[in-house]
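Read the structure below first, then the notes.
Values quoted throughout were computed directly from the atomic coordinates according to the rules given, and no laboratory measurement underlies them. Keep in mind that what you see is a predicted model, and the values were worked out from it rather than measured. Note that we place each Cβ from the backbone using ideal geometry, even for glycine, and neighbour counts take in every protein chain shown.
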Amino acid sequence: MEIEETIEIARPVEEVQAYLADPSKLPDWIGGLVDFELQPDGSFRHVMSVSGRKLPVVGRIECRVPGELVVMRVEGELGVLEAEHHLRAIEGGTRLLHRSIARIDNMLMRMVLSGMKDAARRRLRDDLERLRGRLER
């Protein structure tokens with residue numbers, strides 16, 4: 001499953017990228033986090049609540065291209081999620097394109113989640129609005 005959303009944030013690219021690349025900030029803007037623990041190696045463990053089900057995952061910031069890209073990867077019992085954050089400077093701030101790519105191992109879960117794509121898109125939109133709110137205050 002793949003979903004994309006774009007948002008404009010009235011902050012410079014460098015500030016948006018620094019915030020996205022700091023895993024300690026995740027609980028501030030990602031909804032559905034039940035528990036969060038930053039690890040000494042920079043990775044993180046958290047539990048997400050998805051449709052009433054608690055899903056433990058382990059993640060890390062995988063890639064950072066200055067002024068352009070931050071990639072976060074999380075793995076759990078269902079599979080792998082890569083979240084790409086493409087950044088572009090615009091007049092008055094940053095345009096952020098977020099692309100989530102989920103690779104679900106379980107065939108049944110893949111079918112269930114494909115029917116929840118609209119809900120996942122709404123949840124992503126809410127997360128990005130929270131991100132904008134944190135950065136623009």
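Some values worked out for this structure:
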| quantity | calculated |
| --- | --- |
| The chain, helix-only ellipticity at 222 nm - DSSP H runs n ≥ 4, -39,500 (n - 2.57), divided by all residues, nearest 500 | -8500 deg cm²/dmol |
| Cα gyration tensor, the stretch 47-101 - rounded (a/c under 1.5), prolate or oblate | prolate |
| Residue (of PRO12, GLY92, MET48) at the positive-pole extreme of the chain, dipole from beta-carbon charges | MET48 |
| Stokes-Einstein translational diffusion, the stretch 1-134 - Kirkwood Rh over all Cα pairs, 0.692 mPa s, 37 °C, in µm²/s | 215 |
| Length gained when the stretch LEU38-GLU2 is fully extended (0.36 nm per residue, less Cα-Cα span) | 10.3 nm |
| Relative contact order of the chain, defined on C-alpha pairs under 8 angstrom at six or more residues apart (%) | 31 |
| Dipole magnitude (debye, nearest 20) for the chain, charges at Cβ of Lys, Arg, Asp, Glu | 340 |
| Shape of the stretch 7-57, Cα gyration tensor, a/c cut at 1.5 | oblate |
| Distance from the stretch 22-43 to the stretch 64-90 (C-alpha centre basis), Å | 14 |
